[in-house]
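Q: Have a look at the structure that comes next, please.
The values are calculated or read from the model by the stated rules, or taken from the named source; none is laboratory data. Predicted, not measured: the structure shown is a model, and the values here were computed from it. So basically every Cβ, Gly included, is an ideal-geometry build from the backbone, and we count neighbours across all protein chains shown.
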């Protein structure tokens, strides 16, 4: 029996939670084992995007439930297109579900702020059932929602000759946000106090959503973690990539029926591989959002956010990617460094090498690790620090409140299962990673024990838990007041100004406020603009 139409079929292992009645009927949730919260998993917000709805805008789920919906089972992830970034099975093309978490004492009269999560995964992996995104501990004086969206070609194929505009994943998120507007009050939430927050590709997608004309009617604030401020590709520039995929499938470029007839295994086999050492500068290449003129009418980076926004990055975002790219031959050599900057920056490689000489990094570590440290710093600044900076500057140009943060916490525990396995093989892995990409997520979700989630044996220190509580509270305050000035923070979080780049820095010692150094962005803004003009 299909999940969408299943009657309530409960097991003794699940402690039942509240029943909530929404527009489609009654939903039966479960009780969080680790906190005083309820969860509601696998609520459909769209019709199955299969058949004629493959490569099409999502359609609202407008049927009544067949009885009470059992919302205690984890949702399948959307089809994954990268084994390193993908979620474990089950996967399904029928995947447009969302999760909701509420405090146990929440009622429909409470009007609690709402935090809506958009996961990352380079637009090819990720899902709401990842235990790292469990909202049980984050649903404190707030409602937490997470939205599945389609990935890879199923989420982004915008093949012009087949009449496809792409951006289906963006539309999935928009429809999920509309579901929040229509239904969240039944869970105790306030539809006028909605923070959209995402990380990596999820931050880039969330930022793109925040720049759309309809954004202020769907969200009241944004928190973009390591991915905000980015451009998206012009529609015509993406066509060669989309056409290659259709050819790999054996379909004529105009044959939409052929594209829709292919099996999931055929779609996966036709998916082009990407370079593990390729840096995203202005916008991601391949299966990603495009400026289609309708869903995304203009470049998000040029439009800027329309709601108060937190833009942040980590001090070592790039270490996760550098380690992954060179894991078989770690540490990378000077020759690897030279090849890395040449392949990524072409005629501007000499400028990059001059700004980031290996000798500079030999002074802070062993000479053997200097190429690695240089490469991870380049990756961090080029892809994350400076896109956040551009988002901040554009917001202030428009008079939109904007807040900067820099994450410099090196977690004491591996927070992902893959990292847990690596840490067992090499105890130094956590030190090499530092405050890397995704490392803030367990703190913001307050998932700080049993790491890596869900059944690990490591727990964060008391100080780390304090930091997590403060971060989660700041995100809740942003949903509620459109400002992160939470009373749990040691002092007031200043607004960003272009002539005074103040913000919040979070280190292992705690939270502090002051100037954040964006001086490398003068170089990266020039290179990014030049490469975008040349079409690279």
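Q: It is to be established whether one or more residues within the stretch 102-111 are touching a helix residue (DSSP H, G or I) at 6+ places or on another chain (Cβ under 7 Å), closer than 30 Å to residue 482 by Cα, surrounded by 24 or more Cβ atoms within 10 Å (Cβ to Cβ) and touching a residue at least 24 places away in the same chain (Cβ under 8 Å).
A: yes
Q: Taking the stretch 12-36 only, how many residues are surrounded by fewer than 16 Cβ atoms within 10 Å (Cβ to Cβ), in a strand (DSSP E or B) and modelled with pLDDT under 95?
A: 1
Q: Now for a separate question. Which condition from (1) more than 25 Å from residue 140 (Cα to Cα); (2) touching a strand residue (DSSP E or B) at 6+ places or on another chain (Cβ under 7 Å); (3) surrounded by 24 or more Cβ atoms within 10 Å (Cβ to Cβ) is the one that residue 201 breaks?
A: (2)
Q: Could you identify the single residue in 82, 172, 94, 110 that is assigned to a loop (DSSP other than H, G, I, E, B) and within 21 Å of residue 242 (Cβ to Cβ)?
A: Only one candidate qualifies: 82.
Q: OK, next. Only one of 217, 261 is more than 21 Å from the chain's Cα centre (by Cα) and over 20 Å from residue 170 (Cα atoms). Can you tell me which?
A: Matching residue, one of 217, 261: 261.
Q: Tell me, which helices (runs of 4 or more DSSP H) lie completely within the stretch 222-309 with 1 or more residues that are touching a helix residue (DSSP H, G or I) at 6+ places or on another chain (Cβ under 7 Å) and closer than 30 Å to residue 192 by Cα?
A: Passing ranges, in order: 300-303.
Q: Let me ask something additional. Could you please give the count of residues in the stretch 331-356 that are crowded, with 17+ Cβ neighbours inside 10 Å and not in a helix (DSSP H, G or I)?
A: Qualifying residue count, the stretch 331-356: 3.
Q: Restrict the check to the stretch 45-67 and report whether at least one residue is touching a residue at least 12 places away in the same chain (Cβ under 8 Å), buried (at least 18 other Cβ atoms within 10 Å of the Cβ) and more than 20 Å from residue 151 (Cβ to Cβ).
A: Within the stretch 45-67 (the criterion being touching a residue at least 12 places away in the same chain (Cβ under 8 Å), buried (at least 18 other Cβ atoms within 10 Å of the Cβ) and more than 20 Å from residue 151 (Cβ to Cβ)), the answer is yes, since at least one residue qualifies.
Q: Failed condition for residue 405, given (1) crowded, with 18+ Cβ neighbours inside 10 Å; (2) in contact with a strand residue (DSSP E or B) (Cβ under 9 Å, 6 or more places away or on another chain); (3) under 22 Å from residue 141 (Cα atoms), with all others met?
A: Result: residue 405 passes all but (3).
Q: Test of understanding: among 434, 399, which residue is farther than 17 Å from residue 516 by Cα and out of contact with any strand residue (DSSP E or B) (no Cβ under 7 Å at 6 or more places or on another chain)?
A: The unique qualifying residue is 399.
Q: Say we look at the stretch 453-508 and pick out the residues that are touching a strand residue (DSSP E or B) at 6+ places or on another chain (Cβ under 9 Å), more than 29 Å from residue 398 (Cβ to Cβ) and without any contact (Cβ under 8 Å) to a residue 60 or more places away in the chain; which of these is surrounded by the most Cβ atoms within 10 Å (Cβ to Cβ)?
A: The qualifying residue surrounded by the most Cβ atoms within 10 Å (Cβ to Cβ) is 467.
Q: How many residues does the stretch 129-164 hold that are under 19 Å from residue 50 (Cβ atoms), out of contact with any strand residue (DSSP E or B) (no Cβ under 6 Å at 6 or more places or on another chain) and not in a helix (DSSP H, G or I)?
A: Qualifying residue count, the stretch 129-164: 7.
Q: If you don't mind, there's one more thing I want to ask. Kindly evaluate residue 372 against the criterion of being touching a residue at least 60 places away in the same chain (Cβ under 8 Å), within 28 Å of residue 473 (Cβ to Cβ) and buried (at least 21 other Cβ atoms within 10 Å of the Cβ).
A: No, not satisfied.
Q: Test residue 224 against the stated conditions and say whether it is closer than 20 Å to residue 200 by Cα and buried (at least 23 other Cβ atoms within 10 Å of the Cβ).
A: yes
Results for (1) within 30 Å of residue 467 (Cβ to Cβ); (2) within 29 Å of the chain's Cα centre (by Cα), shown as yes or no for each residue.
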residue: 344; (1), (2): no, yes
residue: 347; (1), (2): no, no
residue: 355; (1), (2): no, no
residue: 366; (1), (2): yes, no
residue: 380; (1), (2): yes, yes
residue: 383; (1), (2): yes, yes
residue: 390; (1), (2): yes, yes
residue: 395; (1), (2): yes, yes
residue: 413; (1), (2): yes, yes
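Q: Pairs only if they're at least six apart or on different chains, beta carbon under 6 angstrom, first in the stretch 294-311 and on the phi > 0 side of the Ramachandran plot and buried (at least 20 other Cβ atoms within 10 Å of the Cβ), second outside any loop (DSSP other than H, G, I, E, B) and modelled with pLDDT of 95 or more; list them, first residue then second.
A: Qualifying pairs under 6 Å: 304/394; 304/395.
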